[in-house]
Amino acid sequence: MADRLNGTRILILETREEAQFSKLLAEQGAEVVQCPMFTIQDAPDPTPVEAWICRAIDEPLDDLVLMTGEGLRRIMKLARARGLDAALVAALVKTRKFTRGPKPGKALREVGLDAQQMTEKPTTEGVIEMLGKLDLKGRRLGLQLYPDKDHSALTGALAAQGAAVDTVLPYAYDPRAADANIVAAIDDMAAGRIDALALTNLGQVRRLIEAAKAHGSEAKLRAGLEQTLIASVGPAVSGELAAHGLRTDVSPAEDAYFMRPLISAMAAALAERKPAATR
């Protein structure tokens, strides 16, 4: 059913995989309104990232935990620039690799590697639960972090298991350039020009709220969301919505927290909203 979303306008806040998400929605007939939340940039100071790469090469890690696909891609980008990419991949062959959901697993496959295990839920809590079943005492564990997140619960849990945790933060967010687009998107929702808002990570919820507050548009945002279908890709996003007093109208079935199931769930929900004569 390639026309399931015909006549609908879907607002997406995706940044890392914006093109892919837009393409999938357009294939279903939706008019996609794009509003990236931030620009992703390399770490402002590459020195700590390069040092982490060198440590991983000189003394291969016992374990590696990847929180995002973007993180590994940025690490490999710097490694290539320094002529260290082949050595890093060779070192990681010897390392047990764990991913928070499927996206880091895809990034691993891009460099010819595979994860030994993926979380059942693509959340920090899912990572803690997965690794909590393992004996990490005395093991050197590389942990790739991502910006705008307090990772103390995860690093504390790993340290409590006896792991020697070596963290790396290979990229940063620059939200300033996106603020004007966010305010315009809020205006669109408030005017009833958006049928559904599709949220694919919890950082999007935070940025939306922060930008609205910064520009005096929080009341307008909440009014717009009252009349817009709010679609969440999974429990982490839904939890962040709830933390801000916002609802989730639709989400994929359990264990299907990906773009395609999210689109299918939105299509079904929007079809139910159509007047009977137009179905």
Checklist line | Of Leu11, Ala180, Met118, farthest towards positive along the dipole that unit charges on Lys, Arg, Asp, Glu beta carbons give the chain | finding: Met118
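Specify whether the C-alpha gyration tensor of the stretch 83-159 places it in the rounded, prolate or oblate class, a ≥ b ≥ c being the square roots of the eigenvalues: rounded for a/c under 1.5, otherwise prolate if a/b is larger than b/c and oblate if not. Could you put the intermediate results ahead of the total?
Details: a/c = 1.63, a/b = 1.45, b/c = 1.13.
It is prolate, given that a/c is not under 1.5 and a/b is the larger ratio.
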Notebook entry, point to check: Full extension from Ala243 to Asp45: what is 0.36 nm times the residue separation minus their Cα-Cα distance, to one decimal in nm?
Noted result: 68.0 nm
Check: In this model, which of Lys23/Lys106; Lys77/Lys103; Lys23/Lys213; Lys97/Lys137 are farther than 24 Å apart at the alpha-carbon?
Finding: Lys23/Lys213
Margin query: Using only the Cα atoms of the stretch 145-243, what semi-axes does the equivalent ellipsoid have when each is the square root of 5 times a gyration tensor eigenvalue? Give whole Å, largest first.
Written below: 32, 15, 10
Notebook entry, point to check: Based on Cβ point charges of +1 for Lys and Arg and -1 for Asp and Glu, what charge dipole magnitude is obtained for the stretch 17-124 about its Cα centre, in debye rounded to the nearest 20?
Noted result: 200 debye
Check: Separation of the stretch 210-279 and the stretch 94-124 by C-alpha centroid, Å?
Finding: 28 Å
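Can you tell me the relative contact order of the chain? Whole percent, Cα pairs under 8 Å, sequence separation 6 or more.
Values: 489 pairs, mean separation 53.7, N = 279.
For the chain, the relative contact order is 19 percent.
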Checklist line | Taking the convex hull of Cα positions in the chain, its mean projected area over all directions (nm²) | finding: 15.2 nm²
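Please give the length that would be gained between Gln116 and Leu24 if that part of the chain were fully extended, namely 0.36 nm times their separation in residues minus their C-alpha to C-alpha distance (nm, one decimal). Numbers along the way, then the final one.
Details: separation 92, 0.36 × 92 = 33.12 nm, distance 2.90 nm.
Full-extension gain reported as 30.2 nm.
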Item checked: Calculated [θ] (222 nm, deg cm²/dmol) that DSSP helices of n ≥ 4 give over the chain, each run adding -39,500 (n - 2.57) -> -14000 deg cm²/dmol
Margin query: So the label point goes 7 Å from the Cα of Arg193 along Cα→C-beta, right? Which residues of the stretch 199-228 then have their backbone N under 20 Å from it?
Written below: 199, 208-209, 211-213, 215-228
Checklist line | Order of Lys106, Lys133 - criterion: other Cβ atoms within 10 Å of each residue's Cβ, fewest first | finding: Lys133, Lys106
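Taking the Cα centre of the chain as origin and charging only Cβ (+1 Lys, Arg; -1 Asp, Glu), how large is the dipole, in debye to the nearest 20?
On the way: 35 positive and 37 negative charges, 57 e Å.
That gives a dipole near 280 debye.
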Next item on the list: Select from Ala86, Leu66, His151 the residue farthest towards the positive end of the dipole of the stretch 41-173; place +1 on Cβ of Lys and Arg, -1 on Cβ of Asp and Glu, and compute about the Cα centre.
Entry: Ala86
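Over the stretch 41-173, what is the mean sequence separation of C-alpha contacts under 8 Å (at least six apart), divided by residue count, expressed as relative contact order in percent?
On the way: 231 pairs, mean separation 42.7, N = 133.
Reported as a whole number, the value is 32 percent.
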Item checked: Net charge, Lys137 excluded, C-beta distance under 14 Å - Lys, Arg +1, Asp, Glu -1 -> 0
Item checked: Cα gyration tensor shape for the stretch 41-173, rounded if a/c is under 1.5, else prolate or oblate -> rounded
Checklist line | Tensor-based shape of the stretch 34-114 (alpha-carbon gyration tensor, a/c under 1.5 rounded, otherwise prolate or oblate) | finding: oblate
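FYI, it's all coordinate maths here, none of it is from the lab. Not measured: the values here are computed from a predicted model. Here the Cβ is made from the backbone with ideal geometry for all residues, glycine too, and neighbour counts use every protein chain on show.
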